[in-house]
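In what follows, a structure is listed as C-alpha cells, so that the remarks can point back to it.
The values are calculated or read from the model by the stated rules, or taken from the named source; none is laboratory data. Every value quoted in this text rests on a predicted model; they were computed, and no experiment measured them. Every residue, glycine among them, receives a Cβ derived from its backbone with ideal geometry; neighbour counts consider all protein chains shown.
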Amino acid sequence: MIQSLTVKNIALIDELNIEFEAGLNVLSGETGAGKSIVVDSMNLLLGERADRELIRSGQEKAHVEASFRIDSAVFGDFFAKNELDAEDEMIVSRDLSISGKNVCRINGTVVSLTILKTLMDRIVDLHGQHEHQSLLYAKNHLSFLDNYCGAEAEKAKERIAQLYSQLKKAQEQLDETGGDEKERMRSIDLLSFQIQEITEAQIFAGEEDILREEREKLNNAQAIAQNLSAGYAELYLGGEEGGSALSLVQDTVRLLSQISMYDEAYEKTGERLQESAFVLEECAHDLRSFLEAVVFDEHRQAEIEERIDLIAGLKRKYGNSEDEILAFCAEAQQKLEKLQNADADAARLAGEIETIKGRLYKEYQALSGLRKKAAEKLSGAVLKELSDLGMPGAKFEAHFAPLPEPEKAIWRKDGIDEMEFYLSTNEGEPVKPLSKTASGGEISRVMLAFKNISAGLEDISTLIFDEIDTGISGRMALVVSEKMASISRSRQVICVTHLPQIAAMADANFLIRKYSAEGTTHTAVTRLEGADVTDEIARLAGGIETENSRIYAGELRQNAEKIKEAFGR
C-alpha cells in the first residue's frame, strides 16, 4: 500500500505531502482545485511518460516520491533480477527537469522507466476518469478477457507467438526463392538480362578514367603534335637561327676537352656535360616516338564516346562505379543460381508452411477454448459484482464469432478470436453489445466490477480511481460507495470523487484546494477530521453549506459507519 506521497513543483503544487490510510482514502475539492494534478503525480511514479509542461512555472526541476509498504518476499524475484535491495519499506521517486532529464529511483537506486513501470504495475492499478470508455470499444474486450484467463492462456499465447514467428520466417524464405513459379520465372528473366547486359559490356575497374584520358588526347591531338615536333627540333635538329640544344652542349664538351689538361675541374665539368648530352639525346628520341604515336582517329574517338555512354548507362542501373557494377553482377549471379535451383526449396518450404499453419490453427482452437471457458467464469464474477452494485437483474455475456476455417484465417500472433461483451441491464430484455446498451453510470459500474475482479487476480494492493463516478447519482452513488468500502477492506483504495456518498464512506478524507499568495496560485491538500469532514460532505451534496445539508451529511456519515461495521473493520 501507499503510505505517503510527496510532490514538489508539479503544476500548481509547490510542495505537499499526503499520508494515506490502509482503507478507503477520498480526495475531494472544487473543480479546478488540482485533484487531477495529484493523480498526474501518481502516474509519474507508475512509470507513465512525463511531460515537461507538468513542471511548475519558473522552476527548473520537479520531484515526486512515494513510500510503499509491501511484502518484499512476493517481489523477491524482481528485486534480485534488477539488483535492488528487497525491503518491506520501499521508496520510489522520480525527478523531472526542464532540460528533459528524467531520473527514476527504487530504494535510492537509479532504474529505467521500464523497470519502474514493471514493478508498479504489480502494486498499483490506477483507473482514470476516461479509461472506462475503453469498454465501449469491442476491440478492447479480448484484452480484458485475456487478463482474466491467467497463466494457462498466457502459455498458449506464447506457443502461438513462437509458431507465428516460425511461419513468418518460412514465408520470408519462400519469398526469397521467388515466390510462386510465375514470380520466380519473372525474377529469373530479369536477373538473366541484367547479368548478360553487364557481362557483354566487358567493363573493368578504372576503365572510364582511362577512356576519358584517351579522349582528351584525341581532342587535343593537333596541339600535342605541334608541341612535340617543336620540342624535338629544339633538342635535336636546331632551327634557322642556331643549332640544337644537343649540338650546343656537344660543342661545349669539345671546348672543355681542349683545355682539360690545365685544370682537372674543366675535365669533370666536361664529363658532366657529356652525360647531359646523352640525356638530351634520349629525350629527343622520346619526343620523336611520342610524335609518331600521335594520331587523330575519328573512328577511335567515336568508339570512346560510345564506350563512355555505355558505362554511364550501366552506372545509372547498377552502381556508381565499375566496381559496384561488377559487384551487382556477381550478386545477381548468385541470386540467379539460387532461383534456378529453387524448385526443391520452394516445395519444401511450402510443405513446412502448411505444417506450421496446421499446428498454429490447433493452438488457436485451444486458446479459443480457454477463452470461452474463462469467459463463462468471468461472466459469473461480473454478474456478482454488478448485483452488489445495484444491478441484480443484469445479464453479462461474452459473444464469440465462429473461428474462420484455416484457408480463410488471417494468421496472427495472439489468436484469431473475435469477441465482444454483451449486456442487459434490465430483467427480461435481451443482451446487446455493451457499447449500445450501457449508460455512463452503468459503464462505470461494469468497469468497477472489472477492476475489483482483476485486482484480486493480480494481488494488486492499491486501487486508484480518478472520478470514475461519472453518470452516477442518488441511490446508485450509495451502492458504488458501498462497493468501494467493501473493496477497501481487502486492499487500499484511493478515490478522487465529487460524490458525497463516497466521501462519507471514507476512512480518510483529504481536501484539495487552490489559493493565491503573493500573486501566485498554489494547490494544497489538507487531511480533514471531525466537523470538517461533515462540512465537505455537505458542500459536495449541495454546493451550499446549510444546516440541512450538514444534517444530511451527518446522516450519510452515520449510515457509512453502519455499513463499514457490517463489513468488519
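Residue check: E53 meets all listed conditions (1) under 30 Å from V382 (Cα atoms); (2) charged (D, E, K, R); (3) not in a loop (DSSP other than H, G, I, E, B) but one, namely (1). Any residue at all in the stretch 165-174 that is assigned to a helix (DSSP H, G or I), among the charged types (D, E, K, R) and touching a Phe, Trp or Tyr at 6+ places or on another chain (Cβ under 9 Å)? Yes, the stretch 165-174 contains a residue that is assigned to a helix (DSSP H, G or I), among the charged types (D, E, K, R) and touching a Phe, Trp or Tyr at 6+ places or on another chain (Cβ under 9 Å). Remark: pairs (first residue in the stretch 53-71, in contact (Cβ under 8 Å) with a residue 12 or more places away in the chain and of a type in the set (S, T, N, Q); second residue part of a strand (DSSP E or B) and surrounded by fewer than 18 Cβ atoms within 10 Å (Cβ to Cβ); Cβ separation under 6 Å; 6+ apart in sequence or on different chains) = S67/Q3; S67/S4; S67/I91.
Restricting L360, L314, L336 to residues that are of a type in the set (A, V, I, L, M, F, W, C), crowded, with 19+ Cβ neighbours inside 10 Å and farther than 30 Å from R212 by Cα narrows the list to L360. Checked against (1) at pLDDT 90 or above; (2) surrounded by fewer than 22 Cβ atoms within 10 Å (Cβ to Cβ), P500 passes all but a single condition, namely (2). Only residues that are over 39 Å from the mean Cα position of the chain (by Cα), among the charged types (D, E, K, R) and at pLDDT 85 or above were counted in the stretch 304-331, giving 4. In the stretch 542-558 there is no residue matching the filter, namely being touching a strand residue (DSSP E or B) at 6+ places or on another chain (Cβ under 9 Å) and more than 23 Å from S4 (Cβ to Cβ). Residues in the stretch 390-417 that are surrounded by fewer than 16 Cβ atoms within 10 Å (Cβ to Cβ) and part of a loop (DSSP other than H, G, I, E, B): P392, G393, A401, P402, P404, E405, A409, I410, R412, K413, D414. Quick check on G319: is it on the phi > 0 side of the Ramachandran plot and of a type in the set (G, A, S)? Criteria met by G319. Per the listing R49, R122, R56, R94, the residue uniquely modelled with pLDDT under 90 and crowded, with 17+ Cβ neighbours inside 10 Å is R56. Here L370, L360, L349, L336 are screened, and the one residue that is over 25 Å from E172 (Cβ atoms) and either part of a helix (DSSP H, G or I) or free of Cβ contacts under 8 Å to residues at least 60 places away in the same chain (or both) is L370. Of everything listed in (1) closer than 30 Å to A381 by Cα; (2) touching a residue at least 60 places away in the same chain (Cβ under 8 Å), the single unmet condition for A201 is (1). Might you check whether a residue that is modelled with pLDDT of 85 or more, among the small types (G, A, S) and under 23 Å from D40 (Cβ atoms) occurs anywhere in the stretch 526-533? No, that holds for no residue. Scanning the stretch 294-303 turns up no residue that is within 25 Å of Q194 (Cα to Cα), of a type in the set (G, A, S) and out of contact with any Ser or Thr (no Cβ under 9 Å at 6 or more places or on another chain).
Residue by residue, here is whether (1) of a type in the set (F, W, Y); (2) modelled with pLDDT of 90 or more; (3) more than 28 Å from D414 (Cα to Cα); (4) under 33 Å from the mean Cα position of the chain (by Cα) holds:
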residue	(1), (2), (3), (4)
K335	no, no, yes, no
K338	no, no, yes, no
R348	no, no, no, no
Y361	yes, yes, no, yes
R371	no, yes, no, yes
A375	no, yes, no, yes
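Looking for something of a type outside the set (S, T, Y) and without any contact (Cβ under 8 Å) to a residue 24 or more places away in the chain - is there at least one such residue anywhere in the stretch 468-477? Within the stretch 468-477, one or more residues are of a type outside the set (S, T, Y) and without any contact (Cβ under 8 Å) to a residue 24 or more places away in the chain.
Of all the criteria given as (1) touching a residue at least 60 places away in the same chain (Cβ under 8 Å); (2) surrounded by 21 or more Cβ atoms within 10 Å (Cβ to Cβ), the one not satisfied by A524 is (2). Cβ-Cβ distances below 9 Å connect the following pairs, each with a first residue in the stretch 151-179 that is under 14 Å from R359 (Cβ atoms), a second residue that is at pLDDT 90 or above and among the hydroxyl-bearing types (S, T, Y), and a separation of six or more residues or different chains: I160/Y364. Pairing residues of the stretch 97-115 that are in contact (Cβ under 8 Å) with a residue 24 or more places away in the chain with residues that are surrounded by fewer than 15 Cβ atoms within 10 Å (Cβ to Cβ) and among the acidic types (D, E), at Cβ distances under 7 Å and at least 6 apart in sequence or on separate chains, gives S97/E60; I98/E60.
What do you reckon, is F68 assigned to a helix (DSSP H, G or I) and not aliphatic (A, V, I, L, M)? No; evaluated as a whole, the condition is false for this residue.
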